[in-house]
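Just below is one structure, and these are the notes that go with it.
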Amino acid sequence: MSQATAVKNYALVTAAYWGFTLTDGALRMMVLLHFHKLGFTPIQIASLFLFYEIFGVITNFLGGWIGSLFGLRLTLYGGIGLQIVGLVMLGLVNPEWPILGQVVYVMAAQALAGIAKDLTKMSSKSAIRLVVPKEADSRLFKWVAMLTGSKNALKGIGFFLGAALLQGFGPLYGEMMGFRLASFVQAAVLAVIFCTGALLPADMGKIKSKVAFKQLFSKSEAINILSAARFFLFGSRDVWFVVALPVFLYDTLGWTFMQVGSYMAAWVIGYGMVQFLAPQLLRSYRPGHAPKARTIQVWTLALTGIPGLIALAFMANWDPNWVITGGLIVFGIVFAFNSAVHSYLVLAYTEDDDVALNVGFYYMANSGGRLLGTITSGLIFQVYGITGCLWFSMILILAAGIYSLKLPDPTHAPSVLPVGD
């Protein structure tokens, strides 16, 4: 593959991933804030995301297999197409339906969004591994690092965009029509991106030999252990970040939609910036300085006590605005290092021929952790509040740390920099 072709393919994959990421972040914030304002309880809101996470687990399990059989172009743009359908469905929800009917309908639309998210994420990250040649110059390696940080920055902007669309369209057209217009605008933007799919090679990521279904289950002990640690790590974040935190900010602290969306956007953008800098700070770009198993063990240990300290500060009746802000900053920095090292190790433990299968298996565990976090976030928050979510987060991080103790050191460095979540 020539460098010009690699650059073109990289640009197309990145544009597709960026466009999808913006709508994914906006959609999550819109659904959460809109239905909370309609009177949905935290448990009901969490249930709206239930199928989103469940189908994400299934998609990651099957997505790598499908991509290896039919090519990553099909899975990448198939994911974008499903996101368009999900956005249109959400725009057609009727507030006059019974609550149960609205919940089931939104869950179905979110199921499509969950499939779309993980098809797109798995495909783009696997494709980047393939479009960046091993012999390419340093500029291409820097572009891979840009994808890492920019994804989370754009997701943060998506949070802000979702809140801004609701607050902008709502007063002009009414709450429901504003929600519909916000959904349709995003669907139209993605439709433009969808049309660029024909420019990518159809056989990207397709392997010549037939892949047996049993190969979906990773045979690498290191990948299995890392995936288990990933499951608990991302559960620990989402148990207090997905439902509990925005509802706490809106209800307990009395913030507006824009304040909640902007605050969470700023956190995710900062998280992405730390991920972008993580390879340089950890010196993983220098021969002999790549992260080892001990690296993730140290960073997981550092993360373990942070949710507990935030919970203790709440219990001591410290100013909640300062507690949540300071705690989120520290948690975000340490969590970003954990995620970056995890994503480095999954590439270090796998071979090029197995990249789609192993990345899919690994992110299946990631989605499983998000599912656990989403369910428990609404449930624990409604019963025990934000402090209960934080204590459970600490328990999950401890479980991730115990699994990480079993990780071996990689035998070789991957050909690209980390591709964090």
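The values are calculated or read from the model by the stated rules, or taken from the named source; none is laboratory data. Bear in mind that the values here come from a model prediction, so they are computed numbers and not experimental data. As a convention, Cβ positions derive from the backbone with ideal geometry for all residues, glycine included, and neighbour counts pool all protein chains shown.
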Legend entry - Residue pairs meeting the criteria (Cβ under 8 Å; at least 6 apart or on separate chains; first surrounded by fewer than 23 Cβ atoms within 10 Å (Cβ to Cβ) and in a loop (DSSP other than H, G, I, E, B), in the range 261-285; second at pLDDT 75 or above and not hydroxyl-bearing (Ser, Thr, Tyr)): Leu282/Phe337; Leu282/Ala340; Leu282/Val341
Inset, instruction - Determine if the range 67-83 includes at least one residue that is closer than 17 Å to Asp24 by Cα and outside any helix (DSSP H, G or I). - result: no
Inset, instruction - Could you tell me whether the range 242-255 includes any residue that is in a loop (DSSP other than H, G, I, E, B), modelled with pLDDT of 75 or more and surrounded by 22 or more Cβ atoms within 10 Å (Cβ to Cβ)? - result: yes
Legend entry - Residues of the range 367-421 satisfying the condition of being at pLDDT 85 or above, of a type in the set (Val, Ile, Thr) and more than 28 Å from Phe55 (Cα to Cα): Thr387
